[in-house]
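Everything below concerns the one structure shown next.
The values are calculated or read from the model by the stated rules, or taken from the named source; none is laboratory data. Model, not experiment: these values are computed from the prediction. So basically every Cβ, Gly included, is an ideal-geometry build from the backbone, and we count neighbours across all protein chains shown.
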């Protein structure tokens, strides 16, 4: 007898519907699985066999063939256990096949029949909604994550026998109706690093405020102990809260990577990723035999912090160029091309020279000009061109560190950042552009209006800095953000002058 059960699988960070076909015919006992299953999927036959028997059902002593369609896509994961078991029970007459066609099933089975959680239930629920299915049966551990998706009834099960009783109409299961984790209001969590703890560094804090307001990339250069890492780790405290759409995008990536906490339905705060400088290009950008997202995708809608930037391998840094430009990562393999989202803020920190003290009045630098040039040349010009703000972070005098003055806190800075982001949200409407840094050429022409004085200031800056066309566009977007923070409709001369000063480090870096 032939039975069909619908399930789902993840490819990249998105899911697609998989049709699990089970055919049982008389013959010598066997269990064959086709449809490009990988090792974990092939092993499901032993889990399914034991789970069916230990749940009080009979496993057929005939020839069992399972096909996972579409057959040309490699199937990965353990979420096919439950649909395969349901298909076998339908083919043996335990379950009415018509009931199975109304919903999707996913879940891993223990040998005793318990249904265990799987990764990727959120994109699978989204796939179910997109395909028009009204319901999905998920492991109890994944109920809140799947329930984030509206217009799809989510039925959680914790045991194979309970899933069978539900499908047969013997035991009703209430659909998961808990509201998803609410997005937190704008505010700093107790214990979260706050800018009020930072002494001095007014220039750096102003640059980070601009970066947060427009989603711009930023590079901080300064001696050891100046506070570069401390400033970077406080950046999330001034970022605006995630929109619901951004939270869904971010949660999908963490879901397929298995990084979503069991008690959390949504990634409700912007992520902060800080990989070590020994990371590989695949670890940073994504990849593998079965391509998986890397750190740049895990930082989607958040912050990627690269400390000691020149210590990263050059080929690792060069793979950042495409995601910084396009907001996505494309990984090509012989059988598929996968695209991962990577719309992030890059925050990088580095010393001015190998010893770290070039230009520091409190220490003498032991590096030769050649050593300094070689050290800074580890970061290519095209990568530097994609970083909007380049700032120096000098050491803070110890008297200022010991002073009693109170610095402006994250809450006040965040208020200005959120106000600027609201201006940008009204400006771009439904264009799916969340901040100025994501503007394209067409948007720059439309929204970056320059007065006569601002254009004259830009001409002087371009003549001095010799920026590329990309650098020009990034400077215009930066000036637009500065104007938004000031509440100005057009870019003025003061806004352009401030934007230009954040690129002066490029020129100063060559004068060693």
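Some notes on this structure:
- Hits in region 360-376 (condition: touching a residue at least 40 places away in the same chain (Cβ under 8 Å) and surrounded by 12 or more Cβ atoms within 10 Å (Cβ to Cβ)): 360, 363, 372, 373, 375, 376
- The residues of region 313-334 that are free of Cβ contacts under 8 Å to residues at least 60 places away in the same chain and either buried (at least 22 other Cβ atoms within 10 Å of the Cβ) or in contact with a strand residue (DSSP E or B) (Cβ under 6 Å, 6 or more places away or on another chain) (or both), listed by number, are 323, 328, 329, 330, 331.
- Matching residues in region 198-228 - criterion: being at positive phi and either without any contact (Cβ under 8 Å) to a residue 40 or more places away in the chain or under 16 Å from the mean Cα position of the chain (by Cα) (or both): 215
- The residues of region 130-151 that are surrounded by fewer than 21 Cβ atoms within 10 Å (Cβ to Cβ), part of a loop (DSSP other than H, G, I, E, B) and either touching a helix residue (DSSP H, G or I) at 6+ places or on another chain (Cβ under 6 Å) or touching a residue at least 60 places away in the same chain (Cβ under 8 Å) (or both), listed by number, are 131, 133, 151.
- Test: residue 267 is crowded, with 21+ Cβ neighbours inside 10 Å, under 30 Å from residue 139 (Cα atoms) and in the same structural domain as residue 376 (by TED's automatic domain parsing): yes
- Contact map, region 274-300: residues that are at positive phi and assigned by TED's automatic domain parsing to the domain that holds residue 321 paired with residues that are part of a loop (DSSP other than H, G, I, E, B) and crowded, with 21+ Cβ neighbours inside 10 Å, Cβ distance under 9 Å, separation 6+ or inter-chain. Pairs shown: 286/294; 286/342; 287/294.
- Restricted to region 1-112, the set of helices (runs of 4 or more DSSP H) holding at least 2 residues that are in contact (Cβ under 8 Å) with a residue 24 or more places away in the chain and in contact with a helix residue (DSSP H, G or I) (Cβ under 9 Å, 6 or more places away or on another chain) comprises 44-54, 81-91, 97-100.
Okay, residues lined up against (1) at positive phi; (2) under 26 Å from the mean Cα position of the chain (by Cα); (3) outside the structural domain of residue 223 (by TED's automatic domain parsing); (4) at pLDDT below 95:
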position: 334; (1), (2), (3), (4): no, yes, no, yes
position: 345; (1), (2), (3), (4): no, yes, no, no
position: 348; (1), (2), (3), (4): no, yes, no, no
position: 361; (1), (2), (3), (4): no, no, no, yes
position: 379; (1), (2), (3), (4): no, yes, no, yes
position: 397; (1), (2), (3), (4): no, no, no, yes
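- Screening the candidates 231, 260 for the property of being over 13 Å from the mean Cα position of the chain (by Cα), in contact (Cβ under 8 Å) with a residue 60 or more places away in the chain and buried (at least 23 other Cβ atoms within 10 Å of the Cβ) yields one hit, 231.
- Within the set 479, 437, 483, the sole residue that is at pLDDT 90 or above, crowded, with 17+ Cβ neighbours inside 10 Å, closer than 20 Å to residue 326 by Cβ and touching a helix residue (DSSP H, G or I) at 6+ places or on another chain (Cβ under 7 Å) turns out to be 437.
- Long-range neighbours under 9 Å by Cβ, at least six apart or interchain, first residue on the phi > 0 side of the Ramachandran plot within region 476-487, second assigned to a loop (DSSP other than H, G, I, E, B): none
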